[in-house]
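Notes follow once the structure below has been shown.
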Amino acid sequence: MFRFFVRAIVFIILLVVASEIALRTVVHASLAPYAKQDNEFNIMHYDTSKTRTGIFSVGRLAQEQGHWRVNNYGWNSIFDYVSAEKRDKPLIAVIGDSYTNALLCDTDQRIDWALKEQVGNKYDVYSFGYGGIFLAGTIDVAPYVEKYFDPDVVVFLITKNTVKNSLKRYDSSPLHKQLRHTGEGIEEVPPGKYRAVPYRRLARKSALVRYIMLNTYIFQDPLDEDNSTDSIDQNEEKIIQDAADYIVTELNDKLPGKELVFLVDMDRVALYDDENTRPEHLKTSLRLEKACQPFENCHVLDLTDPFYQYYHETSKKLNFKNDTHWNPTAYRIAAETIYSFLNDRLLTTSQE
Amino acid sequence: MLFNSIPFAIFLPIVYLIYWSIGARRFKIQNFMLILASYVFYGWWDWRFLSLIFISSLVDYVVGGRMDRSTNQSTRKILLLISIFVNLGILGFFKYFNFFIDSFACLLGTFGLQANMPTLRIILPVGISFYTFQTLSYTIDIYREKIKSTGDPIAFFAFVSFFPQLVAGPIERAKSLLPQFTQVRQFDDSNARDGVRQMLWGFFKKMVVADNLAPHVEFIFENYATLDSITLFLGVFFFALQIYCDFSGYSDIAIGIARLFGFSLMRNFAFPYFSRDIAEFWRRWHISLSSWFRDYVYIPLGGSYVGKWQRIRNIIITFTVSGFWHGANWTFVIWGLLNGLYYIPIMLKEKQKRYTDTIAPGRLFPGIREAGAILLTFLLALLAWVFFRADSLSHAFGYLGQFFRMPFTGSGYSDYLRPLCLAIIPLVIEWLQRDKQHGLEISLLPLVVRWMIYAIVCFGILLFGSFGFQQFIYFQF
């Protein structure tokens with residue numbers, strides 16, 4: 001029995017060593033940047049004192065890969081950010097969740113780069129994305145962006161159900177601000193404290209562990225999207241609308257005098273199923289439009305038409321094969337949409 | 001608990017270490033520990049159904065003991081009937097209650113009678129058909145005086161609930177497995193090593209081949225109405241490999257685990273897709289169930305020692321019941337019936353034991369005649385698999401209708417290139433290993449070569465395996 005165990009252990013050790021080498025050199029096991037919480041604003045971004053570049057991947061054989069880069073302010077971006085005092089150009093800031101963060105896209109394929117290509121030297125474009133944040137969480141990101149970068153235009157990249165899920169009763173986002181309805185009105189639920197778990201930090205040093213945990217979908221299917229049809233009664237709808245109103249008002253307060261653009265993703269499941277008429281996917285847009293009505297500086301852009309048009313012309317999907325997040329084409333279309341709007345409404349005015 | 005799951009990856013080494021640290025001489029304590037482990041293993045799905053295993057074990061232990069002690073034939077018969085009634089009663093209720101109610105209501109409907117028959121929301125306990133048949137064989141064999149009852153309840157309960165084969169077989173006979181629980185089990189180094197190899201091969205077949213073929217099979221069977229004949233052929237070809245790799249993979253893992261614990265389970269698959277006729281196929285496919293039906297249904301009906309028409313009847317009954325065992329759906333019945341019909345001409349010519357040797361021994365390729373026979377048998381099996389996989393008879397006939405209606409042309413086959421390669425891998429490997437017990441029986445190769453092969457298989461599982469922990473197909477039976 002002793003010989004059997006010794007052989008088994010020796011084989012396992014050799015296999016682990018070979019796996020570590022192979023998963024670092026041939027197949028890139030997924031590696032995400034180290035997280036850090038900003039104590040002043042209670043927001044999550046990345047730790048600039050740790051690894052600053054890496055490859056994030058999904059799927060077996062790391063089928064989809066993106067190179068990330070943590071910049072000087074701890075955000076995934078190709079650009080190093082310059083503070084408001086030192087910057088010589090007006091700024092477009094893009095705030096959002098994992099779609100803004102876009103770890104699966106190379107840094108020159110993301111929304112900031114794509115938009116920068118559109119606006120050229122007229123504007124700088126900075127992005128502030130972190131996975132798992134709902135729209136309510138941007139209430140905390142907004143003052144951070146305002147304090148350090150003083151943007152001229154702020155684009156909120158909105159994904160489906162982010163307004164609804166901002167309410168704690170529908171979903172949980174422990175590290176980001178959420179809202180609750182008290183019966184009398186909307187109340188903020190502050191984010192929890194982020195604590196790096198030592199054994200997790202240790203485990204992530206192993207490419208084999210990362211591959212098993214992140215690339216093999218051992219815990220979840222990345223194509224499992226929130227496909228709920230959002231069918232809720234009128235009372236609930238009022239609560240969600242109250243939340244949308246609250247968030248938009250708060251963002252206006254935190255970003256005084258700034259142009260706010262809410263860019264709403266379309267329901268791509270409906271798009272691929274050719275159910276463009278399904279009303280649910282428009283609900284987020286409608287809620288935000290209603291919330292923006294009192295504010296002249298608030299605008300809602302819906303990606304339904306450009307995405308629909310692209311998909312029906314090319315039959316090519318706008319997300320990765322093994323992941324529901326946008327692919328570089330979607331970012332390019334989104335950037336074109338933003339630019340077209342800004343060019344018509346804002347940039348010309350600003351230049352004039 | 002699934003073999004291909006994280007809880008099992010933790011469970012197995014713990015149980016294994018405790019088991020051998022108890023010491024081989026204290027095998028009764030080992031047995032008790034195995035019962036506990038097996039109940040944890042099974043209770044992981046739904047602890048409530050542990051009561052069914054317990055009841056089944058208790059009834060058969062008591063009935064077996066009484067039957068053995070009784071010399072009165074009618075008492076023995078009554079005791080046997082009690083065992084059959086309890087076991088098949090549990091099985092019938094959980095597995096077939098709604099089927100019979102629905103079928104009866106449907107029958108009334110054909111006569112224009114409306115019947116609001118009550119159906120129940122019954123959850124099918126995992127593996128119920130397997131352990132029920134295993135424990136039934138014990139009382140039937142005692143009744144037939146082929147074995148003696150055991151006086152060791154711990155050994156008997158461990159025999160019924162032995163976790164490697166509890167939920168999907170092999171369906172063991174008391175005659176071969178029960179004595180292993182009543183004697184010292186020594187650790188055998190070479191047996192344990194080959195057990196691990198067999199497990200590894202089983203995991204490869206399940207996680208790399210079966211689970212990767214599953215979405216393609218599902219897509220093709222769901223969208224058959226819009227697909228061309230080649231795609232439909234690929235669909236059933238993939239399913240044939242999916243179900244084989246899924247089920248034989250499970251059996252390989254189960255047998256391998258049992259070997260680690262010093263037990264020997266019966267072989268359940270012997271490379272069935274290389275069979276040269278259907279009779280050989282059924283000696284190679286799900287051997288433990290086929291032999292169960294042979295011993296407890298076919299032979300009691302008279303087997304082959306009766307007239308021609310009775311033999312035909314016996315074959316039809318045996319195969320149909322075998323199909324019905326798989327599930328409460330007419331598709332399984334037709335699948336069984338179809339296999340029975342394939343079997344009849346061979347049986348009538350008394351050529352059912354024509355092929356009992358290894359295929360193409362000592363040669364790399366089979367002869368043209370052998371290859372033709374293998375291909376024909378495989379195509380017949382594919383036709384039957386359509387019924388097995390379909391959700392309903394109309395689905396199966398729709399699939400076949402579309403297959404014969406659509407031309408053999410189409411495009412977009414590149415999507416199927418990868419699953420096709422995956423499907424062919426186990427066929428090639430097992431063809432090369434067809435005179436062995438399993439695909440990874442490579443003990444005669446030099447150590448370095450063996451380890452390289454293990455590493456390749458491990459990497460294959462890591463890089464291409466599905467870690468979605470999909471349930472084994474045969475759990476539903």
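The values are calculated or read from the model by the stated rules, or taken from the named source; none is laboratory data. Keep in mind that this is a model prediction, so the values were computed, not measured. Ideal geometry is used to build each Cβ from the backbone, glycine not excepted, and the neighbour counts take in all protein chains shown. The protein model used for the area step is the full one, side chains on, heavy atoms only, and it has no ligands, DNA or RNA in it. Shrake-Rupley method; radii C 1.70, N 1.55, O 1.52, S 1.80 Å.
With θ taken as phi - 60° and the coefficients 6.51, -1.76 and 1.60, list the Karplus ³J(HN,Hα) couplings across the stretch B:17-27 in order, rounded to whole Hz; mark glycine and proline as x.
So the J values, rounded to whole Hz, are 5, 4, 4, 7, 6, 5, x, 4, 5, 8, 5.
Semi-axes of the equivalent ellipsoid for the stretch B:6-185, please: Cα gyration tensor eigenvalues, times 5, square-rooted, ordered largest first, whole Å.
Details: eigenvalues 232, 113, 22 Å².
The answer is 34, 24, 10 Å, longest axis first.
According to a simple spin-label model (label point 7 Å from Cα along Cα-to-Cβ), what is the distance in nm between B:Thr226 and A:Arg3?
Using points 7 Å along Cα→Cβ, the separation is 6.1 nm.
To the nearest 0.05, how large is the calculated FRET efficiency for A:Arg180 and A:Asp253 if R₀ is 30 Å and r is the Cβ-Cβ distance?
Numbers: r = 19 Å, r/R0 = 0.65.
Here the calculated transfer efficiency is 0.95.
Between B:Arg48 and A:Lys316, what is the spin-label point distance in nm, taking each point 7 Å from the Cα along the Cα→C-beta axis?
5.2 nm
Once both axes come from the Cα atoms, what is the angle between helix A:328-342 and the longest principal axis of chain A, in degrees from 0 to 90, rounded to 10?
Result, in degrees: 20.
Using a 10 Å cut-off around each Cβ of peptide B:193-199, what is the average number of partner chain Cβ atoms that fall inside? Could you put the intermediate results ahead of the total?
Details: counts 4, 0, 0, 4, 0, 0, 0.
The mean count of partner-chain Cβ atoms within 10 Å per residue comes to 1.
I'd like the distance between the alpha-carbon centres of the stretch A:154-189 and the stretch B:1-75, rounded to an integer number of Å.
So the separation of the two Cα centres works out to 50 Å.
Can you pull the Rg over Rh of the stretch B:32-71, Cα-only, Kirkwood? Please list the in-between numbers first.
Details: Rg = 13.0 Å, Rh = 11.3 Å.
Ratio of gyration radius to Kirkwood radius for the stretch B:32-71: 1.15.
Report the label-to-label distance for A:Lys147 and B:Ile424 in nanometres (one decimal), using points 7 Å from each Cα along the Cα→Cβ vector.
Using points 7 Å along Cα→Cβ, the separation is 6.3 nm.
For chain B, with equal point scatterers placed on the C-alpha atoms only and solvent neglected, what are the log10 I(q)/I(0) values from the Debye formula at q = 0.06, 0.07, 0.12 1/Å, to two decimals?
So the normalised log intensities work out to -0.28, -0.39, -1.20.
For A:Lys89 and B:Leu36, what is the calculated FRET efficiency with R₀ set at 56 Å and r taken between the beta-carbons, to the nearest 0.05?
Numbers: r = 71 Å, r/R0 = 1.26.
Between A:Lys89 and B:Leu36 the formula returns 0.20.
Before anything else, pin down the relative contact order of chain B: Cα pairs under 8 Å, at least 6 apart, normalised by residue count, whole percent.
That works out to 19 percent.
How large is the charge dipole for the stretch B:6-185, taken about the Cα centre, if only the Cβ atoms of Lys, Arg (+1) and Asp, Glu (-1) carry charge, to the nearest 20 debye?
500 debye
What total accessible area, in Å², is buried where chains A and B meet, using a 1.4 Å probe and rounding to the nearest 100?
Interface between A and B: roughly 2000 Å².
Bin by bin, in steps of 10 Å, what percent of the Cα pairs in the stretch B:22-108 do you find, going until the bin that has the longest distance?
For the stretch B:22-108, the binned pair fractions read 15, 28, 30, 21, 5, 1, 0 percent.
Once you measure Cβ to Cβ distances between cysteines in the protein assembly as shown, which Cys have no partner under 4.7 Å?
A:Cys105, B:Cys106, B:Cys245, B:Cys421, B:Cys458
Does the stretch B:380-449 classify as rounded, prolate or oblate by the C-alpha gyration tensor (a ≥ b ≥ c root eigenvalues; a/c under 1.5 gives rounded; else a/b over b/c gives prolate, otherwise oblate)?
Working: a/c = 3.90, a/b = 2.09, b/c = 1.86.
It comes out prolate by the Cα gyration axes.
Can you tally the net charge around B:Lys146? Count Lys and Arg as +1, Asp and Glu as -1, for every other residue whose Cβ sits under 11 Å from the Cβ of B:Lys146.
The answer is +1.
Under 13 Å from the Cβ of A:Leu103, count the other residues' Cβ atoms, weight Lys and Arg +1, Asp and Glu -1, and hand me the total. Before the final figure, lay out the partial values.
Numbers: positive: A:Arg69, A:Arg110; negative: A:Glu64, A:Asp97, A:Asp106, A:Asp323.
Its environment carries a net charge of -2.
Once phi is turned into θ = phi - 60°, what whole-Hz ³J(HN,Hα) does the Karplus curve with 6.51, -1.76 and 1.60 give for every residue of the stretch A:27-35, x standing for Gly and Pro?
9, 8, 4, 4, 9, 9, x, 6, 8
Output the relative contact order of the stretch B:6-185, whole-number percent, from Cα pairs under 8 angstrom with separation of 6+ residues. Walk me through the intermediate numbers first.
Values: 184 pairs, mean separation 60.3, N = 180.
The normalised contact order for the stretch B:6-185 reaches 33 percent.
For chain A, just list the percent of Cα-Cα distances falling in each 20 Å bin from zero outward, please.
28, 57, 13, 2, 0
Apply the Karplus curve 6.51 cos²θ - 1.76 cosθ + 1.60, θ = phi - 60°, to the phi angles in the stretch B:148-153 and return the couplings in whole Hz, x for Gly and Pro.
Result, ordered by residue: 9, 6, 9, x, 10, x Hz.
Quick one: if the Förster radius is 45 Å, what FRET efficiency do A:Asp171 and B:Arg26 give, using the C-beta to C-beta distance and rounding to 0.05? Display every interim value, and only then the final one.
Working: r = 53 Å, r/R0 = 1.18.
Taking R0 as 45 Å, the efficiency between A:Asp171 and B:Arg26 is 0.25.
What does the average come to when, for each residue of peptide A:56-65, you count the partner chain Cβ atoms lying within 10 Å of its Cβ? Intermediate values should be presented prior to the final figure.
Working: counts 0, 0, 0, 0, 7, 3, 1, 0, 0, 0.
Counting Cβ atoms of other protein chains within 10 Å of each residue's Cβ and averaging gives 1.
Under 22 Å Cα to Cα from B:Lys349, which lysines show up? Leave out anything in the same chain fewer than 8 places away.
In chain and number order, the partners are B:Lys308.
Output the 0 to 90 degree angle, nearest 10, between the alpha-carbon long axis of helix A:2-25 and the longest principal axis computed from the alpha carbons of chain A.
40 degrees
Counting only protein heavy atoms, what percent of the accessible surface of the stretch B:6-185 is carbon or sulfur at a 1.4 Å probe?
Details: 5860 of 8590 Å².
The value for the stretch B:6-185 is 68 percent carbon and sulfur by accessible area.
If you fit an axis through the alpha-carbon atoms of helix A:304-314 and take the longest principal axis of the Cα set of chain A, what angle between them do you get, 0 to 90°, nearest 10?
50 degrees
Please state the relative contact order of chain A as a whole percent: Cα pairs under 8 Å, 6+ residues apart? Please list the in-between numbers first.
Working: 594 pairs, mean separation 60.8, N = 352.
The normalised contact order for chain A reaches 17 percent.
Using DSSP to define loop residues, name the trypsin sites (Lys or Arg not before Pro) in the stretch A:74-183 whose beta-carbon has at most 12 other beta-carbon atoms within 10 Å.
Values: sites: A:Lys86, A:Arg87, A:Arg110, A:Lys116, A:Lys122, A:Lys147, A:Lys160, A:Lys164, A:Lys168, A:Arg169, A:Lys177, A:Arg180; in loops: A:Lys86, A:Arg87, A:Arg110, A:Lys160, A:Lys168, A:Arg169, A:Lys177.
Counting only loop positions with at most 12 other Cβ atoms within 10 Å, the trypsin sites (Lys or Arg not before Pro) in the stretch A:74-183 are A:Lys86.
Cα gyration tensor of the protein assembly as shown, axes a ≥ b ≥ c as square roots of the eigenvalues: rounded (a/c below 1.5), prolate (a/b > b/c) or oblate?
Working: a/c = 2.12, a/b = 1.93, b/c = 1.10.
It is prolate, given that a/c is not under 1.5 and a/b is the larger ratio.
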